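The block underneath contains the structure these notes are about, expressed in structure tokens.
The numbers here are math on the coordinates, done by the rules we state, and not lab data. Model, not experiment: these values are computed from the prediction. All Cβ positions, glycine included, derive from the backbone under ideal geometry; neighbour counts span all protein chains shown.
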Amino acid sequence: MTSRSIARWTCLLAAFAGIAASAVNAETKPPAAEPTTSPATKPAALTYRLSGNPDEWPADKRERIVKAMDAAVALYNEHGTFPKKITVQYSPGTPTADGNYNGNIRFGGQIGYRTALHELGHTLGIGTHPRWGEFIKDGKWTGEHALAQLREFDGPDAVLHADRMHFWPYGLNFDREGGDVNSVRHVKMVAAFRRDLGITE
Ligand SMILES: [Zn+2]
């Protein structure tokens, strides 16, 4: 090999290496770029904060509320996209608990995981969205997404019941409806109801 051909060979090698490198780059770029782009493009998650002087709440109540809300919010974020900021209060005058579409939950006589999942459903539109009643006929939900989701769980003949405030099955309306499988199904039902209601925010 003359020195000239060596030079050319190394140049070719360099060119090939360059192509190979850019091919590798092209392949690895999207995942590499993700950490910088995902915070801007990733849909907002469900979050909550305590409001109304939580320092003055009885410590045991605050602890139980935080524990229930942490777990419930995590399950919603694990199984759906619910971009909403929730505020949580301890309200001794509230017989059980209630959740409002404005994003507020008040815990009174009933504090726990199942209750938190259920009240989060209300803050996300279950029984509280202005269009909720439009989809109910003869005590049954007529929206296609929620019905399809229920039938995915329970088969083609499953009936989705709904009234002014609640739905069932999987509404987690009572403690006996709780449990891991029902909790995940509840979250997926809430997501499907939101699609029926046209909620995108
Ligand atoms: Zn309720």
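Of note:
- Each peptide in 159-167, 92-100, 181-189, 131-139 gets a packing score, the mean of other Cβ atoms within 10 Å over its residues, and the list from highest to lowest is 181-189, 159-167, 92-100, 131-139.
- Of Lys67/Lys140; Lys137/Lys188; Lys84/Lys140, those spanning more than 32 Å from alpha-carbon to alpha-carbon: Lys67/Lys140
- Net charge of the neighbourhood of Asp196, taken over other residues with C-beta under 10 Å away and scored Lys/Arg +1, Asp/Glu -1, is +1.
- Fully extended contour minus Cα-Cα distance, from Asp175 to Ala44, at 0.36 nm per residue: 44.2 nm
- Within the shell defined by Cβ-Cβ distances under 15 Å, the residues around Asp154 carry a net charge of +1, with Lys and Arg each +1 and Asp and Glu each -1.
- Label-to-label distance for Val159 and Glu78 is 3.3 nm, based on points extended 7 Å past Cα in the beta-carbon direction.
- Simple label model, 7 Å out from Cα along Cβ direction - Asn53 to Thr142, nm: 4.8
- Chain lengthening between Lys85 and Arg151 when straightened (0.36 nm per residue, less Cα-Cα): 20.7 nm
- The gain in end-to-end length when the Lys67 to Asn102 segment is fully stretched comes to 10.4 nm, 0.36 nm per residue minus the alpha carbon separation.
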